[in-house]
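Read through the structure below, which is laid out as structure tokens, and then see the notes.
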Amino acid sequence: MSTVQLRAFVYAVGHIHKKDEELTAVKIPIKALYNGEGGKNYKNVVKLANELQDVKVKILSVVKNKDGLIKREYIGFTIFPTVKHTEDSKYIVTRINPDLKGFFVGLNGDFTQAELKKLMSLKTIQAYRVYMFIKMNIDKSKGKIPSTFKIDYKEFRLMLGLDVLEDAEMPKKTKQKLQDLALFPDQTGVQVEPEKAKVKVLKYAEFDNFKKRILKTAQKELREMGLLDFEFEADKQGGRSVKYVIFKLRPTIALEQPAAEPAVEKRKSDLFSQVFESPELAKVRANAIRIMKEKYGFTDVEIEHFITKLPPSTITMANKWFSAHKGTLNFTSESDWFKSHLQNKIK
């Protein structure tokens, strides 16, 4: 995918919530895909719509047929089978292919709106791909932030799209290895090891070039955006060529474990010490704070501002209204829209 196409994908994924059971349509403002310069790019919306419908994913499984032969089986999907856009081309409406819902519905967590806003502002495809790779490894560690982890360099290049596996016959040794594992006929989804398949190099064959063009570029941009802070090094395992890339992470706001409670909530008794607060009201207030923090990514200062200026029930009702009607609204950021809406309520 191009950078703009990947932004559309990130925006669509960012609007899938862990309680969703189906993949629903998402309205994507063009200005969100072009970093706020939508007016200069409305003429590209038809081209973008066509390109999104050409974005495909191919899923590989290894299967055993009725004759006992092991073969690779591919299933191809179009990620965005339907893309609609308006006459004035200010937004597109699309959804991820429902046939892929098993890969997206029920994810462990949502993007916060603050995180999504930063992701939509990334400028390079390298930053997106490295970010996704690192987040994937954090998810594998059950939410804990590993101080270091490594990846096979060849596998990493394949994941970044710098190399491709050519569609050739599976090597006999690989077939035998799979047979020896006795994985069939009940199990599928075993990937062919990259080193056993024929690999075609597309870009940055030399590691020094890969380091400069991919890792350094992503490192600088993700650090400046406050999404990730990491160092890296090459591990040659005693040989001449790079075997692994080792990542060393520093915790950032976007990746830290959830704090016990926001500072504003800890000071709640001080803020309202002269007002009797029933258990019911306390529950509504806690829910309003949770909505502003977790769903819209408000800072502690912003939360304190709104929770002291508005009744908590006004905040929760505004959230319910927005959730029900956001498909009819035109906005770039849910967080910015909700913030502006609450400010209007104060006025």
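The values are calculated or read from the model by the stated rules, or taken from the named source; none is laboratory data. Quick caveat: nothing in here was measured; it's all calculated off a predicted structure. Cβ atoms come from the backbone with ideal geometry, glycine included; neighbour counts cover every protein chain shown. We work out accessible area using only protein heavy atoms, side chains counted, and drop any ligands, DNA or RNA first. Shrake-Rupley method; radii C 1.70, N 1.55, O 1.52, S 1.80 Å.
Tally time: how many residues in the range 44-75 are in a loop (DSSP other than H, G, I, E, B) and closer than 30 Å to Ala32 by Cα?
Selection size over the range 44-75: 3.
From the list Ile30, Ile59, pick out the single residue that is modelled with pLDDT under 90, surrounded by 15 or more Cβ atoms within 10 Å (Cβ to Cβ) and β-branched (Val, Ile, Thr).
Ile30
For residues that are over 21 Å from Leu329 (Cβ atoms), crowded, with 17+ Cβ neighbours inside 10 Å and in contact with a Phe, Trp or Tyr (Cβ under 7 Å, 6 or more places away or on another chain), tally how many sit in the range 83-107.
Counting residues in the range 83-107 that are over 21 Å from Leu329 (Cβ atoms), crowded, with 17+ Cβ neighbours inside 10 Å and in contact with a Phe, Trp or Tyr (Cβ under 7 Å, 6 or more places away or on another chain) gives 1.
Looking at (1) touching a residue at least 60 places away in the same chain (Cβ under 8 Å); (2) open to solvent by 20 Å² or more (accessible area, probe 1.4 Å); (3) outside any helix (DSSP H, G or I), which is the one condition that is false for Leu23?
Every condition holds for Leu23 apart from (2).
Can you spot a residue in the range 245-263 that is modelled with pLDDT of 90 or more and surrounded by fewer than 17 Cβ atoms within 10 Å (Cβ to Cβ)?
Among the residues of the range 245-263, at least one is modelled with pLDDT of 90 or more and surrounded by fewer than 17 Cβ atoms within 10 Å (Cβ to Cβ), which makes the answer yes.
Report yes if some residue within the range 36-53 is open to solvent by 90 Å² or more (accessible area, probe 1.4 Å) and closer than 30 Å to Lys19 by Cα; otherwise report no.
No, there is no match, as no residue in the range 36-53 is open to solvent by 90 Å² or more (accessible area, probe 1.4 Å) and closer than 30 Å to Lys19 by Cα.
Looking at the range 317-347 only, could you name the residues that are in contact (Cβ under 8 Å) with a residue 24 or more places away in the chain, assigned to a helix (DSSP H, G or I), more than 18 Å from Ala114 (Cβ to Cβ) and open to solvent by 20 Å² or more (accessible area, probe 1.4 Å)?
Gly327, Lys345, Ile346, listed by residue number.
Can you work out which of the residues in the range 108-126 that are open to solvent by less than 60 Å² (accessible area, probe 1.4 Å) and more than 16 Å from Ala218 (Cα to Cα) is modelled with the highest pLDDT?
Selected residue: Leu116.
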